[in-house]
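Data first, discussion second: the structure below is written as structure tokens.
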Amino acid sequence: MKKIVIFYGILIIGVGCNSGTQKNEENRAAKVISKMTAICQLTPDQSAKLEPIVETFIKTKVDNRDKYASDQPALRKADSVNKRHYIDTLKKILTPDQFEKFKAARAQMKANKNAGQDNGGEQE
């Protein structure tokens, strides 16, 4: 009896943790769509098309991190393939002008991230 109670306790905790992760992924996807809408001036139709794509990208990234936790080269390769597929899909949905805005925003975010790492993590 004690084993059954422990088993169900662990099962409930596991399911609870998983649903929390799923909500976090959905929140991240909503934030990405919101930022992209602001930066690229997406139409409602484009936002609707991007939502499942962004969710899949984030879910795949999380799954890759779990799957390749002990194999960094394999993780980098899997993430690279995932990112390439994501970018190729974005190119099909965004106009050329919107895609240029997207690339510029990504470059700026990357520069800001690198600048924060260069000065000991302190960002201005």
Identity of the residue in the range 35-80, in contact (Cβ under 8 Å) with a residue 40 or more places away in the chain, within 22 Å of A104 (Cα to Cα) and among the hydrophobic types (A, V, I, L, M, F, W, C), that ends up surrounded by the fewest Cβ atoms within 10 Å (Cβ to Cβ)
I39
Any residue in the range 84-93 that is more than 19 Å from L42 (Cα to Cα), in a helix (DSSP H, G or I) and at pLDDT 95 or above?
yes
Considering the range 63-80 alone, what residues qualify as being in a loop (DSSP other than H, G, I, E, B) and acidic (D, E)?
D71
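The values are calculated or read from the model by the stated rules, or taken from the named source; none is laboratory data. The structure presented is a predicted model; accordingly, all values stated were derived computationally and were not measured. Positions of Cβ are backbone-derived with ideal geometry, glycine not excepted, and every protein chain shown enters the neighbour counts.
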